[in-house]
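Novice: Here you go, one structure.
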Amino acid sequence: MLKVENLHLYYGDAQALSDVSLNVPDGEIVAIVGANGAGKSSLIRTLAGIEKPAQGTITFDGQDITGQPSYKVCELGLGQVAEGRQIFPSMTIKENLEMGAVINRGRAHAERNFERATTIFPRLKERLDQAAGTLSGGEQQMLAIGRCLMGEPKMIMFDEPSLGLAPALVQEVFQVIHRLNDEGITVVLVEQNVAVSLKMANHAYVLENGHMVMEGTGESLLNDDRVRQAYLGL
Amino acid sequence: MTWDTIANIMIGGVLTGLVYALMALGLSVIFGVIKVVNFAHGEMMALAMYAAFVIFSTYGLDPLLATPIIAGGLFLIGYIMQRALVAPFVTRPEHEQFILLLAVAILLVNGLLLIFGPDAQSVMVEYGFDSFEVGPLILDKVKVYAAAASIAVALSLLLFFKYTRTGKAIRACSDNLRGAQVVGLNIKNLYALTFGLGAACVGAAGCLLSMLVDITPMLAPELTLLAFIIVIIGGLGSLSGALLGGVLIGASEALAGLLITPSMKSLFSFGLLILVLAIRPQGLLGKRSS
């Protein structure tokens, strides 16, 4: 579904990603783990068309999307639940969801996707006219996921979906990600919660200082001594 | 001086102020979304005033009826200006944006000077001296029409932002730009639309103001300054603040004319500005920046 080859990204003179390659097969969950500042979010943003890579190619669903702006990438069905949720705080929940369906892809099925999002997250439906900025962190994360579903994505990249959430909510968010994957959505998961994300993932990559240093099945990385030491503190 | 006179003059000031408010609304819309201050705002207004003057003197078309045409024309100019000129400067330092728009302002004023000369022109509609009498009050017909049209334009803009998909998408860009990228909004296009809408506001306001004041190219920098004062008094980026600020400035100008002399009107506007900056620096309806 998504194939990334030899990606390089610079912020001015600083290199954020160096020769990153990655393969996400259709229908799978692929985890990307790494320390803070390793380049995980930069990678997601580049794949989403928000940052422009200096070198390399990104192919999504058979189409070359390298350097395409984010609105074109979204239109092809590559959705994103961004780091920090990035909801629209002064707009209502209903308006936030509507904004997820501005792209043509979402517009065609807006009603169905609205039903889908509010069935998964009934709490959103109870507060449609409330300003999104007044929601709790967990509710904002639900809104961010719901908003993403409004765009009818084939694949969703989750960037730190559990960051700053209460343990009970973390559980719920991961369950939702599982459910969406069962319903056929391909998932890329970037998480600081390394143990959980490796358990969930079919395949995983380890990113260090902008380089992909390791890859393997989720299980094999979970049992790898280096990963256990560096990320699991064992 | 009787109470009737005072009331008449103040109401006249408020009516003119509503036209100023529409002008300031345009500035506020552009700043609120794109975060670029349009330093050529008054100059674009002067352009619209001359457009109204030319249309009136050539075809005899009442500026009230020419308002949609001129607003449409300014919308196009604003849209193209954002796409071709301002867009590459959006992420650059503010002083570079300032120089760019100042250049546009200088070109516009001097272009108008070249074409129309420095002398004042005026648009004199047939009902220019008519008035409505409401009890003891005598309301200038032209002012009432211009104010009503300003309210109509401002109201339709606010409804556009509240209810249409595109209007909401523009608000989303202003609310959280990263979020707008995440959901795949076409930001370049929405920014151009926004600049176009701000320009359309100032176009409509200029067209309406052409009925109330004499038109000279040198009015342009004064109007830019006036728009800033209004927006700062009302609160940067606040649309209702721009409307309130416009009305207050209109009333304070009228009061200056009444109490001292009309040429002292800027004294009152600046006085009001200093007062607001001292007491409530974020503007009357502005949000305190965090």
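Novice: Scanning region A:113-150 for residues that are free of Cβ contacts under 8 Å to residues at least 40 places away in the same chain and β-branched (Val, Ile, Thr), which turns out nearest to the other protein chains (Cβ to nearest Cβ)?
Specialist: A:THR134
Novice: Could you check, for region A:179-187, whether at least one of its residues is surrounded by fewer than 21 Cβ atoms within 10 Å (Cβ to Cβ) and in contact with a helix residue (DSSP H, G or I) (Cβ under 6 Å, 6 or more places away or on another chain)?
Specialist: No - not one qualifying residue is present in region A:179-187.
Every residue, every condition in (1) of a type in the set (Lys, Arg); (2) closer than 23 Å to B:ALA149 by Cβ; (3) under 17 Å from the mean Cα position of the chain (by Cα); (4) not in a helix (DSSP H, G or I), yes or no:
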site: B:PHE39; (1), (2), (3), (4): no, no, yes, yes
site: B:LEU61; (1), (2), (3), (4): no, yes, no, yes
site: B:ALA71; (1), (2), (3), (4): no, yes, yes, no
site: B:LEU85; (1), (2), (3), (4): no, no, no, no
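Novice: Please go through region A:105-164 and pick out each residue that is surrounded by fewer than 17 Cβ atoms within 10 Å (Cβ to Cβ), in contact with a helix residue (DSSP H, G or I) (Cβ under 7 Å, 6 or more places away or on another chain) and of a type in the set (S, T, N, Q).
Specialist: A:GLN130
Novice: Take the residues in region A:124-167 that are touching a Gly at 6+ places or on another chain (Cβ under 8 Å) and assigned to a helix (DSSP H, G or I), then tell me which one is nearest to A:PHE88 (Cα to Cα).
Specialist: This residue is A:ARG147.
Novice: Check region B:187-196 and report whether any residue there is free of Cβ contacts under 8 Å to residues at least 24 places away in the same chain and under 30 Å from A:ALA101 (Cα atoms).
Specialist: So far as region B:187-196 goes, yes, one or more of its residues are free of Cβ contacts under 8 Å to residues at least 24 places away in the same chain and under 30 Å from A:ALA101 (Cα atoms).
Novice: Among the residues of region A:63-85, which ones are farther than 15 Å from A:GLU152 by Cβ and part of a loop (DSSP other than H, G, I, E, B)?
Specialist: Answer for region A:63-85, where residues must be farther than 15 Å from A:GLU152 by Cβ and part of a loop (DSSP other than H, G, I, E, B): A:ILE65, A:THR66, A:GLY67, A:GLN68, A:PRO69, A:ALA82, A:GLU83, A:GLY84, A:ARG85.
Novice: Next question. When you scan region A:30-45, do you find a residue that is closer than 27 Å to A:LEU163 by Cα, in contact (Cβ under 8 Å) with a residue 60 or more places away in the chain, within 14 Å of chain B (Cβ to nearest Cβ) and among the aliphatic types (A, V, I, L, M), even just one?
Specialist: Yes, region A:30-45 contains at least one residue that is closer than 27 Å to A:LEU163 by Cα, in contact (Cβ under 8 Å) with a residue 60 or more places away in the chain, within 14 Å of chain B (Cβ to nearest Cβ) and among the aliphatic types (A, V, I, L, M).
Novice: So which of A:VAL73, A:VAL33 is at pLDDT 95 or above and either assigned by TED's automatic domain parsing to the domain that holds A:GLY184 or over 22 Å from A:ILE177 (Cβ atoms) (or both)?
Specialist: None of the others qualify; the one that does is A:VAL73.
Novice: Can you give me the number of residues within region B:119-141 that are touching a Ser or Thr at 6+ places or on another chain (Cβ under 6 Å) and either more than 11 Å from B:ASN8 (Cα to Cα) or in a loop (DSSP other than H, G, I, E, B) (or both)?
Specialist: Matching residues across region B:119-141 total 3.
Novice: So for region B:206-224 (the condition being within 22 Å of B:LEU101 (Cα to Cα), surrounded by fewer than 16 Cβ atoms within 10 Å (Cβ to Cβ) and touching a helix residue (DSSP H, G or I) at 6+ places or on another chain (Cβ under 7 Å)), does at least one residue qualify?
Specialist: yes
Novice: Sticking with this structure for a sec: Hey, any hits in region A:61-77 for a residue that's facing another protein chain (nearest Cβ under 10 Å) and small (Gly, Ala, Ser)?
Specialist: Within region A:61-77, one or more residues are facing another protein chain (nearest Cβ under 10 Å) and small (Gly, Ala, Ser).
Novice: Now, a different point. From the list A:ALA54, A:ALA82, which one is within 10 Å of chain B (Cβ to nearest Cβ) and closer than 29 Å to A:GLY12 by Cβ?
Specialist: A:ALA82
Novice: Which residues, taken from region A:86-102, are assigned to a loop (DSSP other than H, G, I, E, B), crowded, with 24+ Cβ neighbours inside 10 Å and facing chain B (nearest Cβ under 8 Å)?
Specialist: A:ILE87, A:PHE88, A:VAL102
Novice: Would you point out which residue out of B:LEU248, B:LEU223 is outside any loop (DSSP other than H, G, I, E, B), at pLDDT 90 or above and over 26 Å from B:ASP119 (Cβ atoms)?
Specialist: B:LEU248
Novice: If I ask for residues that are out of contact with any Phe, Trp or Tyr (no Cβ under 7 Å at 6 or more places or on another chain), part of a helix (DSSP H, G or I) and surrounded by fewer than 21 Cβ atoms within 10 Å (Cβ to Cβ), which ones from region A:190-199 would you list?
Specialist: Across region A:190-199, the qualifying residues are A:ALA195, A:LYS199.
Novice: A further question follows. Looking at the structure I just gave you, is A:LEU207 part of a strand (DSSP E or B) and surrounded by 16 or more Cβ atoms within 10 Å (Cβ to Cβ)?
Specialist: yes
The values are calculated or read from the model by the stated rules, or taken from the named source; none is laboratory data. What you see is a predicted model; the values in this text were computed from it and never measured. Ideal geometry is used to build each Cβ from the backbone, glycine not excepted, and the neighbour counts take in all protein chains shown.
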